[in-house]
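Q: Dropping a structure here in structure tokens format, bear with me for questions.
The values are calculated or read from the model by the stated rules, or taken from the named source; none is laboratory data. Keep in mind the model is a prediction, meaning the values are calculated, not measured. Positions of Cβ are generated from backbone atoms using ideal geometry, with glycine treated the same way; all protein chains shown enter the neighbour counts. Side chains included, ligands, DNA and RNA excluded: accessible areas come from the protein's heavy atoms. Shrake-Rupley method; radii C 1.70, N 1.55, O 1.52, S 1.80 Å.
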Amino acid sequence: MGKTPRSVLQGLYGDEIKGQVRSQLVEDSLGEAIKGRGLQIVSRPEIEANDPEEGRGFSFSAVFEVKPDVNVNDYSGVEVERVRLSVSDAQVDEALRRLQESHARLEPVENRDVVKQGDFVTLDFEGSIAGKSFPGGKGENYLLEVGGGRALPQFESAVIGLKVGARETIQLTYPEDYPNREIAGKAVEFSLIVHEIKQKVLPTMDDEFAKDHGECASLDDLKASIRTRLGNELERLQKEELKEQIVNRLIATHPVTPPPTMVERQTRYLMERYQNRVPGQARPESESPTSMEEIRKSMEARAMRQVQATLLVERISQLERIEVADKEVQERVDQLARAAGDKAKSVREMYSSSDARDELRAQITFDRTVNVLLERAKIKEVDPPVYKVDESGEKS
């Protein structure tokens, strides 16, 4: 078999081979330079390089952002304030009332066929604008709590006084700022008929209720259990608030300028979370381009603070030699998967990548480090603020 002349091969594949050689040289040299200088790059390098030629030196330049050197001191013994709070009897009673409400049942109303405030009614309705129906204006066997605030107030008020089995017609005008722009500010006529009236019946709050719904021997035991639960929740919230104070003090006393790439990446993440806060929900009409710009500015400020906190706490974790083992990361993945229920498989798939596990490891390290700072913090107990109410009813 004959051999292709070298000049022909260079003509056919020269540019491709040069490109491959250039990429390999840049990758190897840049990797060694970054490792040798202990740099942590946070952006994609912008490369400028000449083509490699026989007998000539090869050079290139790379521009990229790196994590800044962060110096922290006096991070132990941060002074924070904890407000003296305790669970009140009123809070226990409110929690007990909500528990009672959650076990209420609806029973048909006897000896009355006219709707009153507070009733639960089953009805059919069909709305029209200038004689034409509109999307969402029709419902069958719709359960409405009269005065519950789930429907338009004018609609709920118009249902009061209607008689079971009698078809009635009501007119109302939707507010100008109603979210559905198709019917906002328009007069709508509804034809409706009430099929049934029910009332909410609350269970009796006694020892039997405590046994059936609170797993307690008596009502007093149930109240004590609720007080303990509320106390634990209050303690958790106060702990989170103290940790927030510590992070704020670190940022205030250790100014650090994060790389723009890190701030931009975090801003995009926060914006995505904001826009996807309710899956499938269309963006509200009120969110104009101007308001979205304001929202993005707000997210940028939050992102800046979060990246500053990350850099500072990361440096403290290095100084304190706080590390998270692979086993601990896997335990957290297992915990998240169990909490996800039927979505456990997708959670495990998400954390199968090294990047996702590294991010989770960083999160665990952050939390652990801030907890260490909290253990060493100087906590000052303060009384809750006293609000004065002026004649207009405004707090001051």
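Q: How far is it, in nm, from the label point at Ala301 to the one at Glu140 when both lie 7 Å from their Cα along the line to the Cβ?
A: Modelled inter-label distance: 5.2 nm.
Q: Per residue, how large is the accessible surface of segment 112-185? Use a 1.4 angstrom probe and give square angstrom.
A: About 60 Å² of surface per residue is accessible.
Q: Per-residue accessible area for Lys243 at 1.4 Å probe radius, Å² rounded to 10?
A: 30 Å²
Q: Another question, if that's okay. Between beta-carbons, use under 15 Å as the cut-off and find the net charge around Gln154, counting Lys and Arg +1, Asp and Glu -1.
A: Its environment carries a net charge of -3.
Q: What pairs from Lys138/Lys345; Lys223/Lys380; Lys116/Lys138; Lys138/Lys200; Lys138/Lys186 go past 28 Å between their alpha carbons?
A: Exceeds cut-off: Lys138/Lys345; Lys223/Lys380.
Q: Give the carbon-plus-sulfur fraction of the accessible surface of segment 70-137 in %, rounded to a whole number; probe 1.4 Å, heavy atoms of protein chains only.
A: That fraction is 45 percent.
Q: Over segment 134-229, what is the relative contact order in percent, taking alpha-carbon pairs closer than 8 angstrom and at least six residues apart?
A: 16 percent
Q: Put Lys378, Lys297, Lys163 in order of accessible area, largest first, 1.4 Å probe: what do you get?
A: Lys297, Lys378, Lys163
Q: Excluding Ile226 itself, calculate the net charge of residues whose Cβ lies under 13 Å from the Cβ of Ile226, where each Lys or Arg counts +1 and each Asp or Glu counts -1.
A: Result for the neighbourhood of Ile226: -2.
Q: For the peptides 155-161, 342-348, what is the packing order when you average, over each peptide's residues, the other Cβ atoms within 10 Å and list the highest mean first?
A: Per-residue Cβ counts within 10 Å, averaged per peptide and sorted highest first, yield 155-161, 342-348.
Q: Using amide H atoms built in the peptide plane, which far-off residues or other-chain residues are under 5 Å from Arg82 H to H?
A: Here the answer is Lys380, Glu381, Val382, since their amide H atoms fall under 5 Å of that of Arg82.
Q: Is segment 155-257 best put as rounded, prolate or oblate by its Cα gyration tensor, with a ≥ b ≥ c the root eigenvalues, rounded for a/c under 1.5, and otherwise prolate when a/b is larger than b/c, oblate when not?
A: Oblate shape, in that a/c is at least 1.5 and b/c is the bigger or equal ratio.
Q: Count the net charge of all other residues whose Cβ sits under 11 Å from the Cβ of Gly118, scoring Lys and Arg as +1 and Asp and Glu as -1.
A: Net charge in that neighbourhood comes out at 0.
Q: At what distance in angstrom do the alpha carbon centres of segment 69-112 and segment 329-384 lie from each other?
A: 23 Å
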